[in-house]
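Have a look at the structure below, then the notes.
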Amino acid sequence: MTAPARTRFAPSPTGYLHLGHAFSALVAAGTAERLGGEMLLRIENIDQGRCRPEFESAIHEDLTWLGLTWPTPVRRQSDHFADYAAALAQLDAAQVLYPCFCTRAEIRTEIARSPTAPHGPDGPIYPGTCRNLGATDVADRKARGDAFALRLNCIKAIGLVGDDLFFEDAMQGRHAADPTKFGDVVLARKDTPTSYHLAVTVDDHLQGITCVPRGADLFEATHVHCLLQRLLGFSTPYYAHHRLIADANGQRYAKRDQAATLRDMRSQGLTPEDVRALLPPLP
Ligand code: GLU
């Protein structure tokens with residue numbers, strides 16, 4: 001990885017930050033500091049139904065308490081839907097998107113019908129029901145007002161950019177990317193005009209992120225991000241996926257484990273140094 005590095009910590013304000021987030025944020029800040037760069041904070045709040053303003057202000061408070069700083073203004077994804085729309089327009093022009101009218105129930109039924117339905121890292125892969133809908137069908141359903149998501153035609157997309165996709169990762173070294181394990185991912189949802197995969201790819205590019213530190217639970221998602229970067233003409237940043245922090249029972253922290261939130265630790269009188277001492281050494 002080249003210095004100076006620009007890293008980011010990109011939480012979603014859907015709950016209070018816990019020890020796992022603290023570790024991610026400290027890895028991002030530590031990597032930037034080591035390489036003479038900076039860490040940006042990004043608020044990933046496209047899921048407007050689950051994000052709450054009090055969680056967003058808590059992110060700022062808890063990270064500041066932990067001793068971290070970042071440049072302002074902070075990018076909030078909900079302020080940038082136009083950027084995601086521009087990326088979708090570019091992908092549409094490349095003819096790698098298609099509208100998908102399926103409901104979750106229809107997808108479940110379709111998958112249940114085929115005992116050999118392939119599974120990916122996030123569960124069964126979309127069976128492709130809407131992939132080859134004719135133009136008239138699509139026009140009729142749109143005219144009827146049927147809601148639709150936009151999916152990436154993965155095979156067509158790989159056909160366009162080639163299959164020599166790879167990324168460099170701190171844990172795994174050079175790693176071949178195989179986006180087919182996720183199938184035709186959603187890039188714009190029925191209720192939100194983007195998706196995690198698209199927003200994170202566009203933001204990392206627009207913010208000039210050179211190193212993406214994040215939990216190992218997102219390692220597989222990088223396969224899709226690599227393909228999107230190639231399609232959109234973006235360079236692929238260096239990835240520093242890190243181990244997930246587990247509690248005393250070996251379970252990884254989740255937002256529902258209120259006991260491990262930084263806020264609760266603070267109210268119990270713990271100091272930022274106590275929190276750091278609970279974490280493994282930074283990679
Ligand atoms: N917003 C995601 C989360 O809170 C992190 C996304 C990323 O780092 O790529 O889990």
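Taken together, the values in this text are just the output of simple stated rules run on the coordinates, not laboratory data. Model, not experiment: these values are computed from the prediction. A quick note on method: Cβ atoms are made from the backbone with ideal geometry, for glycine too, and the neighbour counts reach across all protein chains shown.
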key: aspartates and glutamates with Cα under 19 Å of residue 156, excluding same-chain neighbours fewer than 8 positions away   = 92, 164, 178, 184
inquiry  = Based only on Cα atoms, what mean projected area does the convex hull of the range 92-216 have, in nm²?
reply    = 9.6 nm²
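Take each of the peptides 7-19, 41-53, average the number of other beta-carbon atoms within 10 Å over its residues, and list them starting from the highest.
On the way: 7-19: 22.0, 41-53: 16.7.
My ranking of the peptides, most packed first, is 7-19, 41-53.
Rounded, prolate or oblate, given the Cα gyration tensor of the chain, with a/c below 1.5 counting as rounded? Spell out each step's value before the answer.
Numbers: a/c = 1.86, a/b = 1.65, b/c = 1.13.
Prolate.
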note = Expected sort for 223-236, 66-79 on mean C-beta neighbours within 10 Å, highest first, is 223-236, 66-79
message = Using a Debye calculation, one point per C-alpha and no hydration shell, please list log10 I(q)/I(0) for the range 212-283 at q = 0.24, 0.27 Å⁻¹ in order.
response = -1.13, -1.28
message = Show me the three semi-axes of the equivalent ellipsoid for the range 131-283, from the C-alpha gyration tensor (sqrt of 5 times each eigenvalue), largest first, rounded to whole Å.
response = 37, 22, 13
note = The alpha-carbon center of the range 20-66 and that of the range 144-190 are separated, in whole Å, by 26 Å
query = Counting each DSSP H run of 4 or more residues in the chain as -39500 (n - 2.57), what helix-only mean residue ellipticity at 222 nm follows after dividing by all residues, to the nearest 500 deg cm²/dmol?
reply = -11000 deg cm²/dmol
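Please list 277-283, 90-96, 58-64, 197-203 highest first by mean number of surrounding beta-carbon atoms within 10 Å per residue. Before the final figure, lay out the partial values.
Values: 277-283: 11.3, 90-96: 15.0, 58-64: 18.0, 197-203: 23.4.
Result, highest mean first: 197-203, 58-64, 90-96, 277-283.
How high is the relative contact order of the range 40-124, in percent, counting Cα pairs under 8 Å that sit 6 or more residues apart?
On the way: 31 pairs, mean separation 26.0, N = 85.
Dividing the mean separation by the residue count of the range 40-124 yields 31 percent.
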key: Theoretical FRET efficiency, 1/(1+(r/R0)^6), r = Cβ-Cβ of residue 89 and residue 1, R0 25 Å, to 0.05   = 0.20
ask   = For the chain, what is the relative contact order in percent, using Cα pairs closer than 8 Å and at least 6 residues apart in sequence?
value = 25 percent
request  = Give the Cα extents of the range 42-118 along the principal axes, in whole Å, largest first.
outcome  = 52, 32, 21
task = Be a star and scan the range 24-55 for residues whose amide nitrogen sits under 19 Å from the point 7 Å along the Cα-to-Cβ vector of residue 64.
result = 25-26, 29, 39-44, 52-55
inquiry  = Please compute the length gained on full extension between residue 144 and residue 276, using 0.36 nm multiplied by the number of residues separating them and subtracting their Cα-Cα distance.
reply    = 41.9 nm
Aspartates and glutamates with Cα under 13 Å of residue 190, excluding same-chain neighbours fewer than 8 positions away = 47, 146
inquiry  = What does the C-alpha gyration tensor say about the overall shape of the range 169-230? Classify as rounded when a/c is under 1.5, otherwise prolate if a/b is larger than b/c, or oblate.
reply    = oblate
